[in-house]
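The structure appears right after this line, and notes come after that.
The values are calculated or read from the model by the stated rules, or taken from the named source; none is laboratory data. Everything numeric here is computed off the predicted structure, so don't read it as measured data. Glycine gets a Cβ as well: all are built from the backbone with ideal geometry, and neighbour counts include every protein chain shown. In case anyone asks, the SASA skips ligands and DNA or RNA and just uses the protein heavy atoms, side chains included. Shrake-Rupley method; radii C 1.70, N 1.55, O 1.52, S 1.80 Å.
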Amino acid sequence: MDQKAITGLDFTWDSDARVLFDELRSSIPDYANHRDTFVKLEQVTVEKAQGLTSSDLKNLLEKFSTRLEQQENTPKDEIMLLNNLNDIWVAAYEIQSSTGKKGIDVFKAQSDAASKIVHSENLSLNAEDKAMAQAFLNGMLDNVVSYINALQESQKAATDLTGVAEKINTITADLVTGQTQKNIDIIQRVMIIMGIVAICAVLTGLLVAWLLTRQMTRQIKHNLTLAERIAGGDLTAIIEPQSGDELGRLTLAMGMMNDRLRDMITQIKESVIHVANASSDISAGNIDLASRTEEQSAAVVETAASMEELTSTGFRVQAELRNREAETRTRSGSRQG
């Protein structure tokens, strides 16, 4: 117990509990002393109880009884004395078996009666038998008185030990009650704190959920607005992601799509301009080609007219040549004729 009390020194106590604990520690050595005293007195009481019916006194009583039985005519007062001595022996057994709760009154009454008989002048016992009876009475009386005294001292020690034990129990109960109440208070405070923490956690969770929902909704609305602008043909917006999550990646992808569409449209515009310039060049070439074709047509017509004129001239020349050849033939014939 003292070791446990020493172990308790390492604990943390408040002022009230420290007072009770110090009182408990101071009571433990007192309890140990009372316990040792009680154990010693109890051992003495047991020894005295065993001595109530010692073999020496029993042998003395049996010897006295045998001597009376050997007499032919035993007087009435001697028989009464023997009965008293036997009753004293039985009372001693009763005192021994009941730990002093029963038999004491009988023992006293029988002892007084036997003492009166022994000290009676009319007793016819010889000196040896009378001394034997007196020795038995004195021995029994001394043993009973010693046992009663030892029993009373043992009971007093037991009462003192019980008082100290009750004091320790009271202190322990007060200490346990106080600590239990403090533990209950601590548990209640912890429960209140846990409740507050739980409420704060719920509120924090709701706030975080609201913020996340708001953040997601904002990004979704932002991406929707960007998609509507892109669908409406507005590719001038500078799209940058607002976060690194999936929605941010979606915004980044829409930005890349917007840039690529803008580049494609720019390339298409440049291609259209090039095509328009080429068409203008082609149109100018067509106009120049048409004018040249007209000039060539006029030249062809003029050439055809010239060819017709040459043809007609050739025909005329041929006709003239034929005419001249005919005239020549005619003249030649005339000359020959």
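Which residue is most open to solvent (accessible area, probe 1.4 Å), if the candidates are limited to the stretch 119-150 and must be closer than 23 Å to Gln71 by Cβ and free of Cβ contacts under 8 Å to residues at least 40 places away in the same chain?
Glu121
Go through Val118, Val190 for me and flag whichever is modelled with pLDDT under 90 and either closer than 29 Å to Ala32 by Cα or among the aliphatic types (A, V, I, L, M) (or both). Reasoning before the result, please.
Working: Val190 fails: modelled with pLDDT under 90.
Result of the check over Val118, Val190: Val118.
Pick from the stretch 51-78 the residues that are open to solvent by 30 Å² or more (accessible area, probe 1.4 Å), assigned to a helix (DSSP H, G or I) and touching a residue at least 24 places away in the same chain (Cβ under 8 Å): which of them is farthest from Leu123 (Cα to Cα)?
Out of the qualifying residues, it is Asp56.
Check whether at least one residue in the stretch 223-236 is among the charged types (D, E, K, R), outside any helix (DSSP H, G or I) and more than 29 Å from Phe21 (Cα to Cα), and report yes or no.
Of all residues in the stretch 223-236, those among the charged types (D, E, K, R) come to 228-229, 234.
Remaining after also requiring outside any helix (DSSP H, G or I): 234.
Pick out the ones that are also more than 29 Å from Phe21 (Cα to Cα) and you get 234.
Yes, the stretch 223-236 contains a residue that is among the charged types (D, E, K, R), outside any helix (DSSP H, G or I) and more than 29 Å from Phe21 (Cα to Cα).
Are any of the residues in the stretch 269-288 modelled with pLDDT under 75 and either outside any helix (DSSP H, G or I) or touching a helix residue (DSSP H, G or I) at 6+ places or on another chain (Cβ under 9 Å) (or both)?
Within the stretch 269-288, not a single residue is modelled with pLDDT under 75 and either outside any helix (DSSP H, G or I) or touching a helix residue (DSSP H, G or I) at 6+ places or on another chain (Cβ under 9 Å) (or both).
Can you pull out every residue in the stretch 229-250 that is more than 51 Å from the chain's Cα centre (by Cα) and surrounded by 13 or more Cβ atoms within 10 Å (Cβ to Cβ)? Step through it out loud before you land on a result.
In the first step, residues of the stretch 229-250 are kept if they are more than 51 Å from the chain's Cα centre (by Cα); the result is 229-238.
Arg229, Ile230, Leu235, Ala237, listed by residue number.
So in the stretch 251-308, with the set limited to residues that are among the basic types (Lys, Arg) and under 30 Å from Thr217 (Cα atoms), which one is most open to solvent (accessible area, probe 1.4 Å)?
Our first condition is that a residue be among the basic types (Lys, Arg); within the stretch 251-308, this holds for 260, 262, 269, 292.
Okay, now just the ones that are also under 30 Å from Thr217 (Cα atoms), so 260, 262.
On the way: Arg260: 152, Arg262: 79 Å².
Filtering the stretch 251-308 for residues that are among the basic types (Lys, Arg) and under 30 Å from Thr217 (Cα atoms), the one most open to solvent (accessible area, probe 1.4 Å) comes out as Arg260.
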